[in-house]
Amino acid sequence: MASNLDQPWLLENGNPKGLSKEMRHGRTAHNMSSSSLRKKSDLKLVSKVPCGLLRKILANLQEVILGTKLSILFPAIPLAIAAECYGFGRPWVFALSMLGLTPLAERVSFLTEQIAYYTGPTVGGLLNATCGNATELIIAIFALSEGKIDVVKYSLLGSILSNLLLVLGTSLLCGGIANLGREQKYDRRQADVNSLLLLLALLCHLLPMLFCYAGASSGVSTVDATLQLSRASSIVMLLAYAAYLVFQLWTHRQLFEAEEDSGEGGDGSEEAVIGFWSGFAWLVGMTLVIALLSEYVVETIEDASDSWGLSISFLSIILLPIVGNAAEHAGAIIFAFKNKLDITLGVALGSASQIAMFVVPLCVVVSWIMGNNMDLNFNLLETSSLALAIIATAFTLQDGTSHYMKGLVLLLCYIVIGACFFVSKTPLHPGNNVNLATVPKATEVLFRSA
């Protein structure tokens with residue numbers, strides 16, 4: 001039997017990498033990242049309550065609401081609801097809703113992990129894969145119902161860019177500075193798989209855009225053809241993501257195992273702290289609250305844009321992903337400090353791949369059902385930013401080692417892209433967004449008339 005030293009993929013930071021116990025409960029890098037922001041609850045006072053039912057309710061409240069370092073942000077949820085009900089300033093509703101979504105996203109990860117203790121690794125892994133980016137998906141669905149397809153495209157593009165450049169860049173920069181005297185290594189095979197998925201997603205975004213420009217040069221309308229191509233590409237992407245889940249959860253599970261972290265800030269417990277039905281009820285309740293706040297965000301984003309003097313593209317691409325995924329991002333950076341880059345890469349690349357290969361094509365299919373014609377043409381500036389981010393990330397991760405300079409370059413790329421959308425004042429197109437496909441044709445007509 002071959003040893004770990006004969007199998008370089010089982011080495012981490014030059015040392016043999018032990019198989020994790022976490023995958024027995026479907027626990028992946030996404031959960032490990034969020035666990036770094038959790039804190040153990042002291043149930044001594046609750047245990048003295050004589051009534052068993054009341055004691056159980058209080059214990060659940062303490063574990064779910066107070067069991068995170070982000071519990072200080074929970075008051076933003078009732079404040080956002082009150083601001084909406086009593087007609088406070090719409091920008092305040094937007095800001096409070098964004099703050100309220102931050103702890104909710106982390107708690108959803110905690111609850112899916114708790115449920116996974118009872119369902120086993122396969123169902124738990126599928127649950128994690130589905131709920132991993134629940135906030136983005138819910139916001140996108142509400143935006144689609146409002147006909148704000150530009151907001152959907154901007155927010156999902158921003159989530160991919162923030163994971164690839166901001167989260168990964170900051171993690172590699174901070175991890176490299178904190179571990180200057182040590183060589184940082186990671187399992188390159190996981191990065192290769194995610195890079196391939198992102199390149200496939202990029203191809204599916206590029207072709208509709210190039211198809212529009214090719215049709216414009218010949219004076220042929222390509223709106224319907226672009227929409228059909230986008231829907232076909234979305235189905236292909238969903239099939240590819242399904243194959244990726246089989247690859248991740250069954251055939252090559254060892255590539256995605258999260259190393260157990262029982263140190264400070266980690267959750268080394270192998271036992272669930274709440275029951276199955278309690279966790280399920282909390283998960284449903286949290287999802288409903290996320291849906292409510294997401295509706296507030298979608299309804300007030302234009303008012304916030306007008307009040308703050310920021311373009312909707314900047315709010316959607318930069319601000320929404322940063323605030324909505326702050327807990328997950330902070331966890332990835334913390335594990336980079338601990339020189340656990342496999343977990344950091346699992347969070348950043350895994351989340352980017354899930355949005356690109358699952359959330360985006362699912363939104364195209366949902367809009368198809370709703371009658372809103374969302375396509376995969378994200379326009380030239382947005383698609384170019386996505387392409388450069390994916391290519392820069394792929395080059396950064398090609399050798400299996402890391403240092404702070406790689407992280408700095410990725411972070412600077414994100415700053416430049418953010419500055420680009422900060423100065424961009426592209427108006428929001430209500431309703432059907434495929435009218436943007438006529439821009440190349442209008443440009444062509446303009447040049448001909450000149």
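The values are calculated or read from the model by the stated rules, or taken from the named source; none is laboratory data. None of the values given here were measured: they were computed from a predicted structure. Backbone-built Cβ (ideal geometry, glycine too); neighbour counts: all protein chains shown. Side chains included, ligands, DNA and RNA excluded: accessible areas come from the protein's heavy atoms. Shrake-Rupley method; radii C 1.70, N 1.55, O 1.52, S 1.80 Å.
Here are a few things to note about the model shown:
- Looking only at residues of the range 218-235 that are open to solvent by 60 Å² or more (accessible area, probe 1.4 Å) and touching a residue at least 40 places away in the same chain (Cβ under 8 Å), we find that the one that is farthest from GLY346 (Cα to Cα) is SER221.
- Enumeration of residues in the range 87-104 that are in contact with a helix residue (DSSP H, G or I) (Cβ under 8 Å, 6 or more places away or on another chain) and more than 18 Å from ASN325 (Cβ to Cβ): PHE88, GLY89, ARG90, PRO91, TRP92, VAL93
- Of the numbered criteria (1) more than 22 Å from ILE290 (Cα to Cα); (2) modelled with pLDDT under 65, the one LEU53 fails is (2).
- Condition met for GLU84 (in contact (Cβ under 8 Å) with a residue 24 or more places away in the chain, touching a helix residue (DSSP H, G or I) at 6+ places or on another chain (Cβ under 6 Å), assigned to a helix (DSSP H, G or I) and under 30 Å from SER307 (Cβ atoms)): yes
- Test: residue in the range 103-126 that is among the acidic types (Asp, Glu) and open to solvent by less than 10 Å² (accessible area, probe 1.4 Å): yes
- Exactly one residue out of LEU376, LEU428 is at pLDDT below 65 and touching a helix residue (DSSP H, G or I) at 6+ places or on another chain (Cβ under 6 Å), and it is LEU428.
Yes/no per residue for (1) modelled with pLDDT of 90 or more; (2) in contact with a Gly (Cβ under 7 Å, 6 or more places away or on another chain); (3) within 28 Å of CYS363 (Cα to Cα):
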{"residue": "SER230", "(1), (2), (3)": "yes, no, yes"}
{"residue": "SER234", "(1), (2), (3)": "yes, no, yes"}
{"residue": "TYR244", "(1), (2), (3)": "yes, no, yes"}
{"residue": "LEU249", "(1), (2), (3)": "no, yes, yes"}
{"residue": "GLU260", "(1), (2), (3)": "no, yes, no"}
{"residue": "SER269", "(1), (2), (3)": "no, no, no"}
{"residue": "ILE274", "(1), (2), (3)": "no, no, no"}
{"residue": "LEU288", "(1), (2), (3)": "yes, no, yes"}
{"residue": "ASP303", "(1), (2), (3)": "yes, no, yes"}
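- Selection status of VAL323, modelled with pLDDT under 85 and touching a helix residue (DSSP H, G or I) at 6+ places or on another chain (Cβ under 6 Å): yes
- Here the range 377-410 is the region considered, the condition is being β-branched (Val, Ile, Thr) and in contact (Cβ under 8 Å) with a residue 24 or more places away in the chain, and the residue that is farthest from ALA332 (Cα to Cα) is THR383.
- Qualifying residue in the range 80-90 (condition: over 21 Å from the mean Cα position of the chain (by Cα), open to solvent by less than 30 Å² (accessible area, probe 1.4 Å) and not aromatic (Phe, Trp, Tyr)): yes
- Considering the range 353-399, the residues that are open to solvent by 20 Å² or more (accessible area, probe 1.4 Å) and closer than 22 Å to PHE247 by Cα include one that is nearest to the chain's Cα centre (by Cα), namely PHE358.
- Residue count for the range 359-402, restricted to those that are part of a helix (DSSP H, G or I), within 22 Å of LEU238 (Cα to Cα) and touching a strand residue (DSSP E or B) at 6+ places or on another chain (Cβ under 9 Å): 0
- For the condition surrounded by fewer than 21 Cβ atoms within 10 Å (Cβ to Cβ), among the hydroxyl-bearing types (Ser, Thr, Tyr) and assigned to a helix (DSSP H, G or I), SER305 qualifies.
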